[in-house]
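The structure under discussion appears below in the form of structure tokens.
The values are calculated or read from the model by the stated rules, or taken from the named source; none is laboratory data. For clarity, every value in this text was computed on a predicted model and none was experimentally measured. A quick note on method: Cβ atoms are made from the backbone with ideal geometry, for glycine too, and the neighbour counts reach across all protein chains shown.
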Amino acid sequence: MAQVPEVYVLGGYQTDFARNWSKEKKHFVAMMREAVLGALENTKVEPKEIEVAHVGNFAGELYSKQGHFGAFFLEIDPAFSGLPTSRHEAACASGSIAILAASAEIEAQRYGLACVVGVEQMKTVGAAEGGDYLGTAAWYEVEAKDIEFPFPKLFGKLGDEYDKRYGLKDEHLAHISTINYANAKLNPNAQTRTWYMNYDHAMSRDQFNGNIGGRIHISDCSQVTDGAVAILLASPAYAKKWADRMGVPLESIPRIKGWGHNTARIRFEDKIAESRGSKYVLPHVRSTVTSAQKRAGVGDVSGIDAIETHDCFTTSEYMAIDHFGLTAPGESWKAIEEGDIALGGRTPINPSGGLIGAGHPVGATGVRQVLDGYKQVTGTAGDYQVEGAKNVQTLNIGGSGTTSVSFIIGT
Amino acid sequence: MLSTTAAASAKSSDLLSSRTINHVVVLGANGAMGLGSGALFTTAVPRVTFLARTKDKADGGLAAAVKMVRSSTVENRVDTGSYDEDFDRVVGEADLIFEAVTEQLDLKNEFFERIDKVRRPDSIVATVTSGLSINQLAEGRSDSFRKHFLGLHFFNPPNVIVGTELIAGKDTDPKLVDFIDAFCTARLGRAMVRTADTPGFAGNRIGFKVLNECAILAEEHGPLLIDELVGPYTGRAMTPLATVDLVGWDIHRAIVDNIYDNASDEAHETLRLPEYMADMMAKGVLGRKTGAGFFGKDDAGQRIVLDPATRKYVPKSSISRPDLAFIDTISNLHRVGRYVDGMRAFAEAKGPYAAIAQKVIGGYISYSFHRVGEVTDDISGIDRIMGYGFNWAPPSVLVDAIGLKRAIAMIDKSGLPVPPALANAQEGTTFFDDPQVNLGKFFVAA
């Protein structure tokens, strides 16, 4: 088989996730516009150079009563007239699926320069209604209909499954939350950067940290977020041209070195039934992580300098720790207690603050993770920089562990 | 010289380790600024003492602080007490004494005299005053007090608004100023701006000039029209006169009177409180806290608007909106993220109503740039406090969006002085220099 061309990441732009675009009375196209124009400005690329665009979005039909997001890319700049565009959906993994599609097209040598933008405007509706919309990422009729906040309850069950198999303490989940909020304070685009949080608060159980279902409290949850993130992906030929123009060596430009992608059955119960007898609670997630590591040729997690993972709830990060291979299965707590996952630790998880701290505009999250990976390996992550990061791995999950995508970004 | 940027980051860690703040005492901890600042300090300091006239009042401040940051764990770090029972002891123990008592010079002086007697010689004394002179407040105090005294002006509510002014007195130890700058930036997540000890410092000087000018214009045009003309589409979340109602007319008067009496500049008359406001205040009208100001509701719950000419309220529904199509056009551009197109359309809009809005916004830009060298060292300090403190489009952002030539023409056409920094700049110069700010967030669609 002929060698597959590399996919380069030229850079990108993230909107400030603390913004409320409904309060600003904005249409989501304003968000896409800021992200894409920001990415073009940061990379010094002209709009007319873009050859194809992919949009990641989960539920615009519900939040904004608008579909056909790919077409809205053309509203950003007149130079995009006639551009091939499409929109991709896989619940909270929508952004990563858009990146997979764009990189596959570059690998197939159809295009030299692609723009991927993930976008979600969620503050158009109240918390309960939004929670109901998110329920469509599960099997709505079976797992979400007439249930208040179905997703926290599903991820509470993930914690319960860990508890049953290996034991799980609230203290460890509280540490996960505390670390993510602390990292978010270093990230100028993080939603919660000014919020009040500490370990005591994450452990508190009064009205200010109410129960959302099962073992999940407010501090265990990512929040409702508006945001868009754009990145530019390039073929080796375009990247070379761009590197010359920028006066930098091609080798200094990060690449998507590996990817993993699996889908498990949509019902949480079916996933758990399928995983009985496995050391891993969500074996398909494990497979996504290891296939990305294998494709990147990094061996295992020891070749990874930092992780941006999908902590929609503290239980999902708890799951990610052993699924990444940072500990033996069921021993995620050890990495927390040892300080391995904090900034400055062995393998920092979510230096950006992750979904809990930085925010979780659903369709944008996968793109945000890759952009944060790019910032880390180019030494441009500012106050949340992981010193000397060469390889960063992402994990983006749609549904209750249903669609998993992982990328390794490195130089 | 002032420096509007945070202390150089390379030196930040050295600065932070040059002192420790383990105990803060908040005076006036039952007031909004006291309790809000107190709650903020608990995020970084292990012990915070809330003091008020009575322990009950301090306890009330703590309860409000818990609600403000939505965490009972604030209580774990806070103890409370009264001026009579606890002042000398806790002030003697404190690393930082944070004064947030009522904004009256005499009252503050009484507290500072008392602090001077019992504080440790190395403790820091900060005042949250929003405009009283730091040098004047330090008068008569010991050398050690004056060396350790500075203004630390948080904006309300401090847990939400990060813009903060840092004002040194003439005797304040520069190293202490650098330390507080670094501490507030790194530990409290503040966006710090160093300002001169001038009336209203930087933010209130410029912000209340604009607000008062809107109040003056409301006399002829009515509050409703002025708030629409200088509305969100011009680069702010809240309309100007609704802001004055929220802040309180008494606070507004204190700020503009202080600036009018103690500063002189090219826009002096725009800082004179309109007579109708004084008349209404004599009748007890103070804005939202008294139920009505420029805007309110009648007994039936219908929206009412002040008619400054008659000093009477009229139903909002009785006021007709003139043709303001240019605002609709600009709002629609903002809505889809075309802010530059929107602000260019603003600068070029025709007609008497557009002229009013252009004069206020042009005046904001002109006044801001003319204050450089007086209230801050450079325009970026003013930009930061207007953006992070007032949540208004900073003057540089407006110039960049409108375009230099158009901005100059708009200011000139309004009969206002064009700042030399703009007049002498090359076309294509950009003025705003903070890449971490999303410029689009300031331009709110109507």
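Quick look at the values:
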read-out: Candidates B:290, B:310 - the one that is of a type outside the set (Asp, Glu) and in contact with a Gly (Cβ under 7 Å, 6 or more places away or on another chain); value: B:290
read-out: Any pair with Cβ under 8 angstrom, 6 or more apart, that starts in region B:421-439 at a residue that is more than 14 Å from chain A (Cβ to nearest Cβ) and ends at one that is among the aromatic types (Phe, Trp, Tyr) and not in a loop (DSSP other than H, G, I, E, B); value: B:421/B:369; B:422/B:369
read-out: Residue count for region A:73-86, restricted to those that are buried (at least 22 other Cβ atoms within 10 Å of the Cβ) and in contact with a strand residue (DSSP E or B) (Cβ under 8 Å, 6 or more places away or on another chain); value: 1
read-out: Pair list, Cβ under 8 Å, 6 or more apart: region B:291-303 residue in the same structural domain as residue B:239 (by TED's automatic domain parsing), other residue loosely packed, with under 11 Cβ neighbours inside 10 Å; value: B:302/B:317; B:303/B:317
read-out: Residue check for residue A:119: buried (at least 22 other Cβ atoms within 10 Å of the Cβ) and not in a helix (DSSP H, G or I); value: yes
read-out: Residues (more than 14 Å from every other protein chain (Cβ to nearest Cβ), in contact with a Lys or Arg (Cβ under 6 Å, 6 or more places away or on another chain) and either in a helix (DSSP H, G or I) or over 25 Å from residue B:370 (Cβ atoms) (or both)) located in region B:155-206; value: B:171, B:173, B:179
read-out: Some residue of region B:56-64 being among the small types (Gly, Ala, Ser), in contact with a strand residue (DSSP E or B) (Cβ under 7 Å, 6 or more places away or on another chain) and outside any helix (DSSP H, G or I); value: no
read-out: Residue among B:189, B:163, B:203 that alone is surrounded by fewer than 23 Cβ atoms within 10 Å (Cβ to Cβ) and under 29 Å from residue B:338 (Cα atoms); value: B:163
read-out: Test for residue A:116: is it within 23 Å of the chain's Cα centre (by Cα) and on the phi < 0 side of the Ramachandran plot; value: yes
read-out: Considering residues of region B:93-110 that are free of Cβ contacts under 8 Å to residues at least 60 places away in the same chain and surrounded by 15 or more Cβ atoms within 10 Å (Cβ to Cβ) only, the residue farthest from residue B:184 (Cα to Cα); value: B:109
read-out: Flag if residue A:186 is surrounded by fewer than 21 Cβ atoms within 10 Å (Cβ to Cβ), touching a helix residue (DSSP H, G or I) at 6+ places or on another chain (Cβ under 7 Å), in a loop (DSSP other than H, G, I, E, B) and touching a residue at least 24 places away in the same chain (Cβ under 8 Å); value: yes
read-out: From the options A:53, A:90, A:104, A:98, residue that is closer than 24 Å to residue A:260 by Cα, more than 13 Å from chain B (Cβ to nearest Cβ), without any contact (Cβ under 8 Å) to a residue 40 or more places away in the chain and among the aliphatic types (A, V, I, L, M); value: A:104
read-out: Segments classed as strands (runs of 3 or more DSSP E), wholly inside region A:323-411, with at least 3 members that are polar (S, T, N, Q) and closer than 27 Å to residue A:163 by Cβ; value: A:403-410
read-out: Any hit, region A:200-210, residues being buried (at least 18 other Cβ atoms within 10 Å of the Cβ) and away from chain B (no Cβ under 12 Å); value: no
read-out: Among residues of region A:289-307, those that are touching a residue at least 24 places away in the same chain (Cβ under 8 Å), of a type in the set (Gly, Ala, Ser) and assigned to a helix (DSSP H, G or I), counted; value: 4
read-out: Check on residue B:369, assigned by TED's automatic domain parsing to the domain that holds residue B:264 and touching a Pro at 6+ places or on another chain (Cβ under 6 Å); value: yes
read-out: Any chance residue B:416 is within 14 Å of chain A (Cβ to nearest Cβ) and touching a residue at least 24 places away in the same chain (Cβ under 8 Å); value: no
read-out: Search result, residues across region B:314-340 that are of a type in the set (Lys, Arg), more than 14 Å from chain A (Cβ to nearest Cβ) and in a loop (DSSP other than H, G, I, E, B); value: B:321
read-out: Subset of region B:274-293 (residues that are buried (at least 19 other Cβ atoms within 10 Å of the Cβ) and within 26 Å of residue B:368 (Cα to Cα)); value: B:277
read-out: Subset of region A:360-383 [of a type outside the set (Asp, Glu) and over 29 Å from residue A:151 (Cα atoms)]; value: A:374, A:375, A:376, A:377, A:378, A:379, A:380, A:381, A:382
read-out: Conditions (1) of a type outside the set (Gly, Ala, Ser); (2) in contact with a His (Cβ under 7 Å, 6 or more places away or on another chain); (3) within 26 Å of residue B:392 (Cβ to Cβ); number of the one not met by residue B:153; value: (2)
read-out: Region A:15-37 - residue that is at the interface with chain B (Cβ under 8 Å from one of its Cβ atoms) and assigned to a loop (DSSP other than H, G, I, E, B) and, of those, surrounded by the fewest Cβ atoms within 10 Å (Cβ to Cβ); value: A:23
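Here's the yes/no breakdown for (1) within 30 Å of residue A:170 (Cα to Cα); (2) outside any strand (DSSP E or B); (3) more than 10 Å from every other protein chain (Cβ to nearest Cβ):
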| site | (1), (2), (3) |
| --- | --- |
| A:195 | yes, yes, no |
| A:229 | no, no, yes |
| A:237 | no, yes, yes |
| A:241 | no, yes, yes |
| A:251 | no, yes, yes |
| A:256 | no, no, yes |
| A:265 | yes, yes, yes |
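This table checks each residue for (1) within 22 Å of residue B:226 (Cα to Cα); (2) under 19 Å from the mean Cα position of the chain (by Cα); (3) polar (S, T, N, Q).
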residue: B:368; (1), (2), (3): yes, yes, yes
residue: B:376; (1), (2), (3): no, yes, yes
residue: B:384; (1), (2), (3): no, yes, no
residue: B:411; (1), (2), (3): yes, no, no
residue: B:423; (1), (2), (3): no, no, no
residue: B:426; (1), (2), (3): no, no, yes
residue: B:442; (1), (2), (3): yes, yes, no
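Residue-wise test of (1) surrounded by fewer than 22 Cβ atoms within 10 Å (Cβ to Cβ); (2) closer than 30 Å to residue A:42 by Cα.
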| position | (1), (2) |
| --- | --- |
| A:165 | yes, no |
| A:174 | no, no |
| A:213 | yes, no |
| A:231 | no, yes |
| A:237 | yes, yes |
